[in-house]
Amino acid sequence: MKLLIVEDEPELAAGMSSYLRGQHYVCELATTFDQAQEMMLLYDYDCILLDLTLPGGDGLALLRELKAQRPEAGVIITSARNAVDDRIAGLHLGADDYLPKPFHLPELSARVAAIVRRRRYNGANLVSVGELQVDVAARLASLRGQALNLTRTELNLLLLLLANQGRVISKGAIAEHLSGNDAEQFDTYETVYAHVKNLKRKLTEAGAPNYIRMVYGLGYRFDPDLE
């Protein structure tokens, strides 16, 4: 899961990023209005953590622009501006949650997880396709009750595919999801091929159908009908 942290306080941004990376999220950071505007409109994030007071502009203006172009985006406002008017304005503009500073990082992580579950998995902790199950909160995958030995990247890839069942996901989108903006530096998608190949092998060796199909020239699709 990929997050964008929009925060201009260096210590807080570093603390949020470090903690959430420890919770298995890919985290990217924007510290100014202009940087956040570019990143949130250019890249796809599972959740955006948005401060309101930023160098160069107001976070509510960013939220308004984001929701006009990407209404499905998940947003948590994290701000020291704790006035009722700011909370109401943010929620009316489409924010999913409002967490006033100072906050506890475990609570932030729990709220992020709730938004990801609601937006990607219809609010469920357990995602099932046939006898394949993934516990999103515990980050455990199993087949017929037997745990699958997946790496962190393989599990992230499986979650991405499960959240987009039946839809083709481009190699570029997979690379961006797994590695963030660093995907732009890749000359080829060999890393994507390797992770998909390893995940497919582990699933089929455990006895699962060949759920993951390559769509030539486009990317990959998880086909839930192959049960």
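Things to note:
- Taking 0.36 nm per residue of sequence separation and removing the Cα-Cα distance, the His24/Arg139 pair yields an extension gain of 40.5 nm.
- Beta-bridge orientation, the chain: approximately 55 percent antiparallel, per DSSP, counting only bridges with both partners inside.
- With a Förster radius of 22 Å applied to the C-beta separation of Arg201 and Ser170, the computed FRET efficiency comes to 0.50.
- Each residue of region 25-37 is assigned a 3J(HN,Hα), and the resulting list reads 9, 8, 10, 10, 10, 10, 10, 10, 4, 5, 5, 5, 4 Hz, derived from the Karplus form 6.51 cos²θ - 1.76 cosθ + 1.60 (θ = phi - 60°), x at Gly and Pro.
- Extreme residue, positive dipole direction of region 99-225, given options Tyr216, Ser179, Leu160 (C-beta unit charges): Leu160
- Within the chain, the longest run free of chymotrypsin sites (Phe, Trp or Tyr not before Pro) that sit in a DSSP loop with at most 15 other Cβ atoms within 10 Å is 1-102.
- Highest mobility in the GNM of the chain, judged by mean-square fluctuation with C-alpha springs under 10 Å and restricted to Gly74, Gly22, Gly217, is found for Gly217.
- Accessible surface for the chain, divided over its residues, is 49 Å² per residue with a 1.4 Å probe.
- Dimensionless Rg/Rh of the chain - Kirkwood Rh, Rg from C-alpha atoms: 0.99
- Based on every Cα atom in region 80-125, Rg and the maximum pairwise Cα distance Dmax equal 12.1, 33 Å.
- For the chain, the longest principal axis of the alpha carbon atoms and the long axis of helix 152-163 meet at an angle near 90°.
- Per-residue 3J(HN,Hα) values for region 105-120, derived from phi via the Karplus relation 6.51 cos²θ - 1.76 cosθ + 1.60 with θ = phi - 60°, read 4, x, 5, 4, 4, 5, 5, 4, 4, 5, 5, 4, 4, 5, 7, 9 Hz in sequence order (x marks Gly and Pro).
- Accessible-area composition of the chain, carbon plus sulfur, in percent [1.4 Å probe]: 50 percent
- Using a Gaussian network model of the chain in which every pair of alpha carbons under 10 angstrom is joined by a spring, one finds that among Thr31, Thr53, Thr151 the greatest mean-square fluctuation is at Thr151.
- Lys, Arg +1 and Asp, Glu -1 on Cβ, resulting dipole of the chain about Cα centre, debye, nearest 20: 900 debye
- Extreme residue, positive dipole direction of region 114-185, given options Ile115, Thr151, Ala141 (C-beta unit charges): Ile115
- When +1 charges are put on Lys and Arg Cβ atoms and -1 charges on Asp and Glu Cβ atoms, the dipole computed for region 1-47 relative to its Cα centre reaches about 240 debye.
- Residues in region 75-82 carry Karplus couplings, in order, of 9, 10, 7, 10, 8, 7, 6, 9 Hz; the curve used is 6.51 cos²θ - 1.76 cosθ + 1.60 with θ = phi - 60°, and Gly or Pro positions show x.
The values are calculated or read from the model by the stated rules, or taken from the named source; none is laboratory data. Since the structure is predicted, the reported quantities are computational estimates derived from the model, not experimental observations. Please note: Cβ atoms are built from the backbone with ideal geometry, for glycine as well, and neighbour counts cover all protein chains shown. These area figures cover heavy atoms from the full protein model, side chains too; ligands, DNA and RNA do not enter into them. Shrake-Rupley method; radii C 1.70, N 1.55, O 1.52, S 1.80 Å.
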